[in-house]
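Below is one structure; the comments refer to it alone.
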Amino acid sequence: METIVAFALPSRAYDLQMLDRPADRARDHGWVFGLPPGIASEQWPLDPVTGFPLMHGFTLKMPDDYRVHGEDIVAVSFFATAPDHNDGGAPDDPEIREAVAARPAHPRLSRMTDILDYEYAALLLTKAEYAGAFATPPAPLPLATADRPRWLDVGGASAFFEAAAPYARKMFAAQPRADLSETRAIALVPRATDPNAGKGPQDEHTRQNPPTGYQPYYHYVGGVPSRDNFRLHDWGKDHAHNHLGGTMRPCQAVPEMSPFYIEFEEYFGGYNFGGGNAQLDFKDMKFDWACG
């Protein structure tokens, strides 16, 4: 029997800041890069495309108003295809896919696939799991034939720094340590003004669901769409690129999602989004990204 969890819509959105230091669980709201907490090695999701473990991107501890899955589910860990395994389209090996599907899974694992058929995953974590020890990545499947991803040897932070463009390297005050456990802390800062807090993002012209009252971050002077008339709303000019809920700024079309979502850039975990950004709806477990 399915458990129905009652929840209220959040009244605030939060900017997510990646700080220039490792995470401290007692005061921070999670971490970018590094390892996921509180799970067994065999519960770490493997990539059905390559047979290697998916790369941990971030673990975010939710503020109380975003704990949509119940009071005890306090965090989400996001896993992605390693950037060095993401190159234009996923090959399909039924043997690898079946072997991954046959493995034991975390009870709150959700898997998602992008438009190129690459794999992503999210784990919903309890208080005890979030407070637990860092997990050890599992061994790849014996069937795996892809090149070993760089993050498995030096950690996600160092691997991203090695391959990042100069603008992305500026997100780091110094070169990260070459260590699987190397993290960068996440700080949560409530947005001063965001009229879209608690509203599911949608495009009024392409939406599939009833209107949520969501407003785009821009408008056209006089209501006439043109490049010269394009303006940003003043209320959104100080919004950070990485954020929890509220106004979305995707690189292309607005994916329709619940108010319980995270929008993040490539450096917020070290991905290949073609210079773009991504969105994870952790209520309905939807994922989308678009190139810049």
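Magnitude of the Cβ-charge dipole of segment 119-198, K/R +1 and D/E -1, about the Cα centre, nearest 20 debye?
260
Just in segment 193-234: which trypsin sites (Lys or Arg not before Pro) are loop by DSSP and have at most 10 other Cβ atoms within 10 Å?
Qualifying residues, ordered by number: 227.
Cα-based Rg of the chain per 2.2 N^0.38 Å, rounded to two decimals?
Rg over 2.2 N^0.38 Å, computed on Cα atoms: 1.00.
Suppose accessible area is computed on protein heavy atoms with a 1.4 Å probe; arrange 170, 61 from highest to lowest.
Of 170, 61, the descending order of accessible area is 170, 61.
Tally Lys and Arg at +1 and Asp and Glu at -1 over the other residues with C-beta under 11 Å from the C-beta of residue 164: what net charge comes out?
Every neighbour counted, the sum reads 0.
Carbon and sulfur: what percent of segment 94-228's accessible surface (1.4 Å probe)?
54
Mind checking the dipole of the chain: about its Cα centre, +1 per Lys or Arg Cβ, -1 per Asp or Glu Cβ, Debye to the nearest 20?
The dipole of the chain has a size of about 780 debye.
Taking a probe of 1.4 Å, how large is the accessible area per residue of the chain, in Å²?
It amounts to 47 Å² per residue over the chain.
Specify which residue in the list 246, 121, 83 is farthest towards the positive end of the charge dipole of the chain, using unit charges on the beta carbon of Lys, Arg (+1) and Asp, Glu (-1), about the Cα centre.
Looking along the dipole axis, the top candidate is 246.
Apply the Debye scattering formula to segment 1-104, with a single equal point scatterer on each alpha-carbon and no solvent, then give log10 I(q)/I(0) at q = 0.16 Å⁻¹.
These q points yield log10 I(q)/I(0) values of -0.93.
Please compute the net charge surrounding residue 215, taking Lys and Arg as +1 and Asp and Glu as -1 over other residues with Cβ under 11 Å from its Cβ.
-1
Which one of 33, 222, 206 has its Cα pushed farthest toward the positive end of the charge dipole of the chain, where Lys and Arg give +1 and Asp and Glu give -1 at the Cβ?
222
The values are calculated or read from the model by the stated rules, or taken from the named source; none is laboratory data. Quick caveat: nothing in here was measured; it's all calculated off a predicted structure. When we count neighbours, we look across all protein chains shown, and the Cβ atoms used for this are built from the backbone with ideal geometry, even at glycine. In case anyone asks, the SASA skips ligands and DNA or RNA and just uses the protein heavy atoms, side chains included. Shrake-Rupley method; radii C 1.70, N 1.55, O 1.52, S 1.80 Å.
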